[in-house]
Amino acid sequence: MLELEKIPVLAEALHQRFDSRDPFQITTRLLEECGELAQEVNHFAGSETKLAKHGVPSKEKFAKEVLDVLRLVFQLVQYYDLEPELRQRINNTYQRCLAENLIKEG
């Protein structure tokens, strides 16, 4: 299982590094990181020309971009104090998927 419980801690560390809790700055960084994530998706799905230009795609770099996006999303969650609502939304969606037999519990 992913270690998602560490992401809020990492998000707080980002707050300290950038010394900013402004939601607009967080969102700007999030958009930048989403662009970098899109580049990695494009690289992995790329043509032979893309592979020739950029080389073999790196799962480590791809994972870094995913983490960057998740940390910034969690910065927004923390800024707006959405943890309880997010937790409830996740649980509700999980239960609905169970009820619809889209996933198996366990």
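A few notes on this one:
- Among the residues of segment 12-59, just one is among the small types (Gly, Ala, Ser) and within 17 Å of Tyr80 (Cβ to Cβ), namely Ser20.
- Within segment 24-45, residues that are closer than 27 Å to Val56 by Cβ and touching a residue at least 24 places away in the same chain (Cβ under 8 Å) have Cβ atoms under 9 Å from residues that are surrounded by 17 or more Cβ atoms within 10 Å (Cβ to Cβ) and of a type in the set (Lys, Arg) in these pairs: Glu33/Arg71, counting only partners at least 6 apart in sequence or on another chain.
- Residue in segment 65-83 that is over 14 Å from the mean Cα position of the chain (by Cα), assigned to a helix (DSSP H, G or I) and surrounded by fewer than 13 Cβ atoms within 10 Å (Cβ to Cβ) present: yes
- Condition met for Glu60 (within 27 Å of Gln16 (Cβ to Cβ) and surrounded by fewer than 10 Cβ atoms within 10 Å (Cβ to Cβ)): yes
- The single condition from (1) more than 18 Å from the chain's Cα centre (by Cα); (2) exposed (fewer than 11 other Cβ atoms within 10 Å of the Cβ); (3) aromatic (Phe, Trp, Tyr) that Tyr94 fails is (2).
- Counting the residues of segment 1-57 that are among the small types (Gly, Ala, Ser), under 14 Å from Leu76 (Cβ atoms) and either out of contact with any Lys or Arg (no Cβ under 7 Å at 6 or more places or on another chain) or surrounded by fewer than 10 Cβ atoms within 10 Å (Cβ to Cβ) (or both) gives 1.
A short reminder: the numbers here are calculations on the coordinates, not readings from a lab. Quick caveat: nothing in here was measured; it's all calculated off a predicted structure. Heads up, the Cβs are rebuilt from the backbone with ideal geometry, glycines too, and the neighbour counts pull from every protein chain shown.
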